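J.: I have a structure here, written as structure tokens, and I will follow up with some questions on it.
The values are calculated or read from the model by the stated rules, or taken from the named source; none is laboratory data. As the structure is a prediction and not an experimental result, all values here were calculated from the model. With ideal geometry, Cβ positions are generated from the backbone for all residues, glycine too; neighbour counts draw on all protein chains shown. Quick note on the areas: whole protein, heavy atoms, side chains included, nothing else; ligands and nucleic acids left out. Shrake-Rupley method; radii C 1.70, N 1.55, O 1.52, S 1.80 Å.
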Number of protein chains: 4
Amino acid sequence: MRVGVLTGGGDCPGLNAVIRAVVRKGEQEYGWRFTGFRDGWRGVVEGDTEPLDVRAVRGILPRGGTVLGSSRTDPFAAPDGVRRIRENLAKHRIDALVAIGGRGTLGHAARLHAEHGLPVVGVPKTIDNDLSATDWTFGFDTAVGIATEAIDRLHTTADSHRRVLVVEVMGRHTGWIALHAGLAGGANVILVPEQRFDLDQVLAWVAARFRATYAPILVVAEGARPRSGGPEQGSVGEWLAAEIERRTGKEARTTVLGHVQRGGSPSAFDRWLATRFGLHAVDAVRDGAYGTMVALRGTEVVRVPLAAATARMKTVDPALYAEAGVFFG
Amino acid sequence: MRVGVLTGGGDCPGLNAVIRAVVRKGEQEYGWRFTGFRDGWRGVVEGDTEPLDVRAVRGILPRGGTVLGSSRTDPFAAPDGVRRIRENLAKHRIDALVAIGGRGTLGHAARLHAEHGLPVVGVPKTIDNDLSATDWTFGFDTAVGIATEAIDRLHTTADSHRRVLVVEVMGRHTGWIALHAGLAGGANVILVPEQRFDLDQVLAWVAARFRATYAPILVVAEGARPRSGGPEQGSVGEWLAAEIERRTGKEARTTVLGHVQRGGSPSAFDRWLATRFGLHAVDAVRDGAYGTMVALRGTEVVRVPLAAATARMKTVDPALYAEAGVFFG
Amino acid sequence: MRVGVLTGGGDCPGLNAVIRAVVRKGEQEYGWRFTGFRDGWRGVVEGDTEPLDVRAVRGILPRGGTVLGSSRTDPFAAPDGVRRIRENLAKHRIDALVAIGGRGTLGHAARLHAEHGLPVVGVPKTIDNDLSATDWTFGFDTAVGIATEAIDRLHTTADSHRRVLVVEVMGRHTGWIALHAGLAGGANVILVPEQRFDLDQVLAWVAARFRATYAPILVVAEGARPRSGGPEQGSVGEWLAAEIERRTGKEARTTVLGHVQRGGSPSAFDRWLATRFGLHAVDAVRDGAYGTMVALRGTEVVRVPLAAATARMKTVDPALYAEAGVFFG
Amino acid sequence: MRVGVLTGGGDCPGLNAVIRAVVRKGEQEYGWRFTGFRDGWRGVVEGDTEPLDVRAVRGILPRGGTVLGSSRTDPFAAPDGVRRIRENLAKHRIDALVAIGGRGTLGHAARLHAEHGLPVVGVPKTIDNDLSATDWTFGFDTAVGIATEAIDRLHTTADSHRRVLVVEVMGRHTGWIALHAGLAGGANVILVPEQRFDLDQVLAWVAARFRATYAPILVVAEGARPRSGGPEQGSVGEWLAAEIERRTGKEARTTVLGHVQRGGSPSAFDRWLATRFGLHAVDAVRDGAYGTMVALRGTEVVRVPLAAATARMKTVDPALYAEAGVFFG
């Protein structure tokens, strides 16, 4: 049996841990052989492959990024994409595919399976934690940890100077990183894309914090926006700091963490989750459970339909956000 | 309403995060007042208290340990313990207690509630992750992270010198830390208390690893023991390294992480979990749900009977341990 | 003997370590008593003090910021500033002052000593490392470490997506943080304020890096500027990324680390240096060596005239910058 | 011109940074070619080589260990060692050697140069910081940082339980790691090999610390010994904890950090130092300055005779140790 592996979408700490677990288990336990496709669906469409065996995955567990490269290639948008995929799978005698990716990559996998019978098993990945079919996705814990460490550092400098500090974290459509890092870091204001914020309310929280003799830390997801106005382009964090300076006279400074959140060595939790996802993806292939993806439910790894990955974006529940409100101000 | 708070048992990163969340929510949302009892049940038995309000909990979120101190005092073993608890609760006009602890502390809480009607809500805590009533306990993720970082560091030195490195991690009765850190760190052998190990098998894994041109890292829980023989006292890690040296002639070195694993700043995950546990414990008190403790199920915080905390120790499932075996050798 | 202590200027990891060392040694070895002045020279001018003894400094060694607060108050600009300083020192019976600060704070100290005979000893502090009188200043190593860790993380994400990543680090006038973090992080381009950069050269380095099949990381000090053009306001890092995108068509992203670099727990090196500075400042007071400041020369702490702190800004030597050039591109 | 490179002795964070800097500068700036000798002098004696060029050193800067492997082979003890070295250098047409190592490896280099005219330049390396010819060696800062982080973590658990915690750090002959980490971590007792300790004095410090309501942290170098008695074999840290328990009745626990201190990614300081050492070693080869090694003096990299590396072990100065005494107890 020969199995192809690909990683697609934005890179994410833990991708290499999945690849390693898939290869270690498939090769050692079942004697399978593997082919790596480069840069997600692009590699399958174009037949761009690289050797993948136990030797090739040695030492990659703690490394960020993906040794297979990544892209956002849509095989249905590529000329003759589906036919070329079929040809390349035949040419490399691929019996099954393990596709590791987010909503885009797995959405293509779901359609290739449903419409064209492609024997594919999915592994969900996103630092944004916005997939409803799984309790957690790997990469998220690492991103939250990095953002939390940044907030920890800002507390001391905020206090020493009584200045306002704004941290802009990833999250265009969902506020999971902002919510978790904000809670873990003890932020005084957390702003998420799911709820437009009221600048006057934010200013009231800032003022309340100063009255308590401390300085405020605001965590804002890159996709958060005010009820009215807001930045036309550029960083919402820098816009917010400028507004606070203008309206309060207090010094305000911004940190834009950017891609630091998605790079580097995965946390222990993400390596554990990614490794278990890889092991269970191999089991799914062994069982011929094509069209499914692995998912975490509690502490168990289960299988759900691939389509579930793309069915609904998991946004921050208003009740959860309200729960955090006791720490605002 | 006045609520007492106590922390008992071994200290654990996240205890302060629970205390802070309880006080922030209770005081700000419900106007409650709080009393801290020092050193777990000892403080309740002896009436040793300290003030606890929003001001007192400022800045403690990222700090390890517990600002209230801890002990393993058994109120039923203390002379007149239960009577003195009643008197001290009356004296300080305590309407409800939040007890944060592990199997011991919560076991006493369960019995005080069941037999004496004490109005108590529990919050589970253990770095060992050995409570069956909750998916995870806070402190565990921090401990696993620290052990994983140590393993990461050992890989490079093991490889440069072709030597065997043994890491002894916490876990007298359960191997959760060893299993998770071993998986996350890419250990070549993981030994847990739940299964006595076969030294010849361990040596075979060590030999296999050397054949693959790498050097082996062994992660051993402090409570792991061989099928026969083993250390009469002292560190099992050092015993194992000595045995490996004696029988293979390879140099073997040991790291005993010890209490480093339970100290220091909690991980972002543990702060999030501890904070949510604290918020939900306040809700349980508000609802008069005495005799319950909070627990994590998937991503939800739920309530379970306090007795559940002590009903059954959650040990490492043989199937989970076997799953990790693909990485051995 | 009673000694006053103040911290001025931008906050910096290690300030608390100095304060602790001064108090520990002064109180325990010489039986002195201490008074803390709040917010740098502002506290001395306004007589704003707080108690400072061994108990007050317990546990502050690993904490960022300063327990005494900080400001940029210029006592010569304050109405009647010098007279009020004299009065407040007399009122609190202060025999000597330890002033911890950068070019501003120590410049005022030098003048107060030279023109008004104030018995003051200085301790140099700046994360920018721009003081010529000392080999290193505490805070710098911490800042470089944080920036380096960010660069480490960006490498994996840059490689996975073949994108350009720009990191803007602190340094308005000097490029020390950029140079050290860029070297330590393996940056492909380092831009410093001391030398205006040529955008075409930067683009050539970016192109060379892509040809080597890797993705480029650019480290840019906030004060670096191109030979012509450049941002009128806002972040030079974001300007640079936009220019690269515009001229190469490659995706480019920016991280603006901001105050994360000056907050949080000091590195072991900075704690060691700050502690030794504190111990030696006490010796200088004991010896009546007013008008001096402590400085590091090799591994020795020596005394230099306070005026030396402000005599010349230590900029990045062109030869040192050229030495790093072998890693560009 | 063809240059051989070797790394010998105990591995040390920063070795790869030196190798990379040597190859980058030699190849790009002077067009040299390089040959890597495996496992220190063993590779030169046995002619065991591997290719070494810019491609081979990509990505190794942040990695611990050494890509060339290491050993403690003494070429003068190997049969016909010197003759075989000559033959292998001729066979591979090596014009010069860069030897990276500690007292052993560089001692052999010095003798090979002095007695046999070998064209060799040295780069000093030791995590122990015990070379008198240079202000600092790379690897030391990383080791101190790791030990300091462990002490930081132990503070919270020590305080929560009023227990004694002992950390054993590296240092068989010198106490530099113990002294720096002890100072940086705020240890209450620091014990070094240079001065036999008085157990009664240690117990007095422990008692004093408990009276101050805190719990003591003791940092002990592996080579520290009491004035009388002491462990016949095994860990001095565990011996000390057992003695403290026996004589005070207080619970005492030990962490033995072991090789965790020499593994893993080098600190930013060590990468900077190692990189500069590598660049300057290339300059020394270019200048034909054989028989010298690079060294740090203040912030400058200078050349000193190779023999200086082994002339005198740099031990902890009693005055420096006494300076730290103000923090004991």
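J.: Only Lys, Arg, Asp and Glu count, each charged at its Cβ (+1, +1, -1, -1), so figure out the dipole size of the range D:177-255 about its Cα centre, rounded to 20 debye. Intermediate results must be reported in sequence, preceding the final value.
T.: Numbers: 9 positive and 9 negative charges, 52 e Å.
Roughly 240 debye for the range D:177-255.
J.: On to the next question. Which values of log₁₀ I(q)/I(0), to two decimal places, follow from the Debye formula for the range A:49-147 at q = 0.13, 0.14, 0.17, 0.22 Å⁻¹ with a uniform point scatterer at every Cα?
T.: -0.58, -0.66, -0.95, -1.32
J.: Relative to the longest principal axis of the C-alpha atoms of chain A, give the angle of the C-alpha long axis of helix A:15-30, reported between 0 and 90° and rounded to the nearest 10°.
T.: Here the helix axis deviates by roughly 30 degrees.
J.: Mind checking which of B:D11, B:D141, B:D95 has the largest fluctuation in a GNM of chain B, springs on alpha carbons under 10 Å?
T.: B:D95
J.: Could you give the angle, 0 to 90 degrees to the nearest 10, between helix C:199-211's Cα long axis and the longest principal axis of the Cα atoms of chain C?
T.: So the inclination is approximately 60 degrees.
J.: Hey, any idea what Rg/Rh is for the protein assembly as shown, computing Rh the Kirkwood way over Cα pairs?
T.: Numbers: Rg = 30.4 Å, Rh = 32.0 Å.
The Rg/Rh ratio comes out at 0.95.
J.: Tally up the carbon and sulfur contribution to the accessible surface of the range C:143-262 as a whole percent, 1.4 Å probe, everything protein left in place. List each step's numbers first, then the result.
T.: Working: 1700 of 4050 Å².
Carbon plus sulfur share of accessible area: 42 percent.
J.: A further question on this structure: Just from its helices, what would the mean residue ellipticity at 222 nm be for the protein assembly as shown, if runs of 4 or more DSSP H residues each count -39500 (n - 2.57) and the sum is divided by every residue, rounded to the nearest 500 deg cm²/dmol?
T.: -13000 deg cm²/dmol
J.: Okay, next question. Would you pull out the residues with amide H under 5 Å of B:L118's amide H, same chain only if 5 or more places away, H placed 1.01 Å from N?
T.: B:H113
J.: What ³J(HN,Hα) values, in whole Hz, does the Karplus curve 6.51 cos²θ - 1.76 cosθ + 1.60 give for the range D:36-50 when θ = phi - 60°, with x put for Gly and Pro?
T.: Computed from phi, the couplings for the range D:36-50 are x, 9, 7, 6, x, 5, 4, x, 6, 5, 9, x, 8, 10, 8 Hz.
J.: Under a 1.4 Å probe, what is the accessible area of chain C per residue, stated in Å²?
T.: Spelled out: the 1.4 Å probe surface of chain C, per residue, equals 33 Å².
J.: Additional query: Quick one: dipole size for chain D, taken about the Cα centre, charges +1 on Lys/Arg Cβ and -1 on Asp/Glu Cβ, in debye to the nearest 20.
T.: 420
J.: How far is it, in nm, from the label point at A:E251 to the one at C:M1 when both lie 7 Å from their Cα along the line to the Cβ?
T.: It works out to 3.3 nm between the two label points.
J.: Okay, next question. Please state the relative contact order of chain B as a whole percent: Cα pairs under 8 Å, 6+ residues apart?
T.: Relative contact order comes out at 23 percent.
J.: Follow-up question, since we're still on this one. Give me the summed buried accessible area for the D-C pair, 1.4 Å probe, to the nearest 100 Å².
T.: Values: alone 13880 and 13850 Å², together 24210 Å².
Between D and C, the summed buried area is about 3500 Å².
J.: Which residue, B:L61, B:T157, B:P51, has the largest displacement toward the positive end of the dipole of chain B when charges sit on each Cβ (Lys, Arg +1; Asp, Glu -1)?
T.: Going by the Cα projections, it comes out as B:P51.
J.: On to the next question. Quick one: putting +1 on the C-beta of Lys and Arg, -1 on the C-beta of Asp and Glu, what dipole do you get for the range D:206-329 around its Cα centre, in Debye to the nearest 20?
T.: 160
J.: Summing Lys, Arg as +1 and Asp, Glu as -1, what charge do residues with Cβ under 11 Å from the Cβ of A:D283 carry, A:D283 excluded?
T.: Charge balance near A:D283 sits at +1.
J.: While we're looking at this one, here's another question. Cα axis of helix C:268-286 to longest principal axis of chain C: angle in degrees, 0 to 90, nearest 10?
T.: 30
J.: Additional query: How much net charge surrounds B:H259 when only other residues with a Cβ under 15 Å from its Cβ are counted (Lys, Arg +1; Asp, Glu -1)? Walk me through the intermediate numbers first.
T.: Values: positive: B:R172, B:R262, D:R153, D:R162, D:R163, D:K250, D:R253; negative: B:D11, B:D128, B:E168, B:E222, D:E149, D:D152, D:D159, D:E168, D:E238, D:E245, D:E251.
With Lys, Arg at +1 and Asp, Glu at -1, the net is -4.
J.: Would you please classify the overall shape of the range A:8-70 from the alpha carbon gyration tensor, given that a ≥ b ≥ c denote the square roots of the eigenvalues, rounded means a/c under 1.5, and beyond that prolate means a/b larger than b/c while oblate covers the rest?
T.: Note, shape of the range A:8-70 comes out oblate.
J.: Once you list every other residue whose beta carbon is under 13 Å from the beta carbon of A:D135, what net charge do they have if Lys and Arg are +1 and Asp and Glu are -1?
T.: Every neighbour counted, the sum reads -1.
J.: Given a Förster distance of 45 angstrom, what is the FRET efficiency for C:R196 paired with A:S228, based on the Cβ-Cβ distance and rounded to 0.05?
T.: 0.65
J.: Among the listed pairs C:K250/D:K25; C:K125/C:K314; A:K250/C:K314; A:K25/A:K125; C:K25/C:K91, which have their C-alpha atoms separated by more than 22 angstrom in this model?
T.: C:K250/D:K25; A:K250/C:K314; C:K25/C:K91
J.: How many angstrom lie between the Cα centre of the range C:237-285 and the Cα centre of the range A:198-239?
T.: First find each Cα centre; the distance between them is then 24 Å.
J.: For the range D:134-195, what relative contact order do you get, as a whole percent, if you take Cα pairs closer than 8 Å and at least 6 residues apart?
T.: Numbers: 52 pairs, mean separation 21.5, N = 62.
Value for the range D:134-195: 35 percent.
J.: Still on this structure, please answer the following. Where in the range C:56-79 does accessible area fall by at least 50 Å² between the isolated chain and the complete protein assembly, at a 1.4 Å probe radius?
T.: C:R58
J.: Taking only the alpha-carbon atoms of the range C:143-262, what semi-axes of the equivalent ellipsoid follow from 5 times the gyration tensor eigenvalues under a square root, in whole Å, largest first? Don't jump to the answer; show the numbers that get you there.
T.: On the way: eigenvalues 74, 61, 29 Å².
Equivalent-ellipsoid dimensions as semi-axes: 19, 17, 12 Å.
J.: Between A:P119, A:V316, A:I94, whose Cα lies farthest towards the positive end of the dipole of chain A when Lys and Arg beta carbons carry +1 and Asp and Glu beta carbons carry -1, centred on the Cα centre?
T.: The one lying farthest along the dipole's positive direction is A:I94.
J.: Can you say what percent of the DSSP beta bridges in the protein assembly as shown, counting only those with both residues inside, are antiparallel? Round to 5. Walk me through the numbers on the way to the answer.
T.: Details: 46 of 162 bridges.
So the antiparallel bridges amount to about 30 percent of the total.
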